[in-house]
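Here's the structure, in structure tokens; my notes come after.
The values are calculated or read from the model by the stated rules, or taken from the named source; none is laboratory data. Because the structure is predicted, anything quoted here is derived from the model rather than measured. No Cβ is skipped: glycine too gets one built from the backbone with ideal geometry, and neighbour counts run over all protein chains shown. For accessibility, only protein heavy atoms count, side chains too; no ligands or nucleic acids. Shrake-Rupley method; radii C 1.70, N 1.55, O 1.52, S 1.80 Å.
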Amino acid sequence: MRFAISIPQLDSTGVDADGLRAYLARAEELGFESGWTLEQVVGEAPLLAPLELLAYAAACTQRLRLGVAVLVTSLHDPLQLASAVTAVDRLSHGRLDLGVAPGGGFRKFAAFGVNPATFVARFTEGLALMKAAWSDPPRVSFRGRFRTVEDLAIQPKPVQRPHPPIWFGGHAPAALARAVRHGDAFLGAGSSTTASFAAEVVGLRRELDAQGKDPAGFTIGKRVYLMVDDDAERARQRVLTGVQRIYGGRLRDAEAVPVAGTPDDVVRGLRAVIDAGAQLILLNPVGADVAEDREQMERLAADVLPQLR
């Protein structure tokens, strides 16, 4: 099993830069494979922008891979996003993982000038344009429905070739097929239950077989919102409060989504995610600040992960 850790993004009372730097250094010391952010451009939670935060994390770390899951790329300009991704990849010397998704019907597409009737097509074309921008030729031409580029100079290129690993999110059968067709890996959402993730894994394995792709080359992971506490009821209240900070009242199955409780409770919850098919688990404490997330990371490393390795 591979274990990743979330990077604190909440900025409720000001950025604790020293605490964040220490958190990242400790994550490396504890042996986590990677540290991940998420994206919320429009929403109630005061979350720092993910790629900019990863650029800072690149300067604070040496080994830790750095990921974002997921960017709703239908809301971004593809060429500008490709340039930003390249910058983080180069600053980290090739340690970036990029999660993408088209978004869903609840997104504020109008705020970004995106027609909600075409967001999936815009997403697919935008990803193809980004891949073209990352490709080896120093000049790029591209013809699509939404964008045409003729002999455009694009430099520099990412360190990782042909581009940073692309992780997909999604749940519907069409989304899972798209993930296998265009992506390198899949990360189940933190907002989904373990049962929903298990169904996604079945769909992904079916698609891998149908599209003739080697499952060994396609990682399946899941983000898990969690809190560890010696008092199980207090852990449950802490995790629900934390999820509320991120989603407000928008998260369905809020009681069923996170994993919380004593160390043994959390081990059982994470083992169920592993049994559902996860090869990587992104552990996402939902504390109110860096200090609380650091306390949770230490407890996970000391009391939970040794029982799962």
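Summary of computed values
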{"quantity": "Region 229-309 - charge dipole about Cα centre, Lys and Arg +1 at Cβ, Asp and Glu -1, debye rounded to 20", "calculated": "340 debye"}
{"quantity": "Nearby aspartates and glutamates by direct alpha-carbon distance to Lys213 (threshold 15 angstrom, same-chain neighbours under 8 apart not counted)", "calculated": "Asp184"}
{"quantity": "Angle in degrees between helix 78-91 and the longest Cα principal axis of the chain, rounded to the nearest 10", "calculated": "60 degrees"}
{"quantity": "Most fluctuating residue given options Val15, Val149, Val259, as computed from a GNM of the chain linking Cα atoms under 10 Å", "calculated": "Val149"}
{"quantity": "Nearest-10 value in Å² for the accessible area of His171, using the 1.4 Å probe", "calculated": "100 Å²"}
{"quantity": "Relative contact order of the chain, pairs being alpha-carbon contacts under 8 Å that are 6 or more residues apart, as %", "calculated": "18 percent"}
{"quantity": "Chymotrypsin sites (Phe, Trp or Tyr not before Pro) restricted to DSSP loop in region 67-176 with at most 15 other C-beta within 10 Å", "calculated": "Phe106, Phe146"}
{"quantity": "Length gained when the stretch Leu152-Met1 is fully extended (0.36 nm per residue, less Cα-Cα span)", "calculated": "50.1 nm"}
{"quantity": "Candidate aspartates and glutamates for bridging to Lys222, where Cα separation is under 13 Å - those fewer than 8 sequence places away on the same chain excluded", "calculated": "Glu200, Asp275"}
{"quantity": "Beta bridges per DSSP with both ends in region 130-254, % antiparallel, nearest 5", "calculated": "40 percent"}
{"quantity": "Lys, Arg +1 and Asp, Glu -1 on Cβ, resulting dipole of the chain about Cα centre, debye, nearest 20", "calculated": "1140 debye"}
{"quantity": "Solvent exposure ordering (accessible area, 1.4 Å, most first) of Tyr247, Tyr56, Tyr23", "calculated": "Tyr56, Tyr247, Tyr23"}
{"quantity": "Residue-wise HN-Hα coupling along region 19-30, computed from phi with Karplus coefficients 6.51, -1.76, 1.60 (Hz; x: Gly, Pro)", "calculated": "x, 5, 4, 5, 4, 5, 5, 5, 4, 5, 4, 7"}
{"quantity": "Helix-only [θ]222 nm of the chain, DSSP H runs n ≥ 4, -39500 (n - 2.57) each, per residue, nearest 500", "calculated": "-12500 deg cm²/dmol"}
{"quantity": "Table column - 3J(HN,Hα) (Hz), region 108-116, Karplus curve with 6.51, -1.76, 1.60, x for Gly and Pro", "calculated": "7, 4, 4, 5, 10, x, 10, 6, x"}
{"quantity": "Label-reachable residues, region 210-245, where backbone N falls under 20 Å from a point 7 Å from Gln40's Cα toward its Cβ", "calculated": "222-228, 236-245"}
{"quantity": "Lysines whose Cα lies under 16 Å from that of Lys157, excluding same-chain neighbours fewer than 8 positions away", "calculated": "Lys131"}
{"quantity": "From phi via Karplus (6.51, -1.76, 1.60), per-residue ³J(HN,Hα) for region 236-245 in Hz, x at Gly/Pro", "calculated": "5, 5, 5, 6, 5, 5, x, 5, 4, 4"}
{"quantity": "Stretch gain in nm, segment Glu29-Ala17, where the contour uses 0.36 nm per residue and the Cα spacing is subtracted", "calculated": "2.5 nm"}
{"quantity": "In degrees, nearest ten, helix 50-60 long axis to first principal axis of the chain (Cα)", "calculated": "70 degrees"}
{"quantity": "Rg/Rh for region 158-309, where both radii come from Cα atoms and Rh is the Kirkwood radius", "calculated": "1.00"}
{"quantity": "For a label point 7 Å along the Cα-to-beta-carbon line of Leu48, residues of region 11-40 with backbone N under 13 Å", "calculated": "11-25, 36-38"}
{"quantity": "Span from the region 150-170 Cα centroid across to the region 36-91 one, whole angstrom", "calculated": "14 Å"}
{"quantity": "Values of log10 I(q)/I(0), in the order q = 0.15, 0.16 Å⁻¹, for region 9-106 under a Debye, Cα-only, solvent-free model", "calculated": "-0.61, -0.69"}
{"quantity": "Gap separating the Cα centres of region 175-221 and region 99-125, nearest whole Å", "calculated": "21 Å"}
{"quantity": "Whole-number percent relative contact order across region 231-272, with pairs defined as alpha carbons under 8 Å at least 6 apart", "calculated": "47 percent"}
{"quantity": "Rotationally averaged projected area of the chain (alpha carbon convex hull; nm²)", "calculated": "15.3 nm²"}
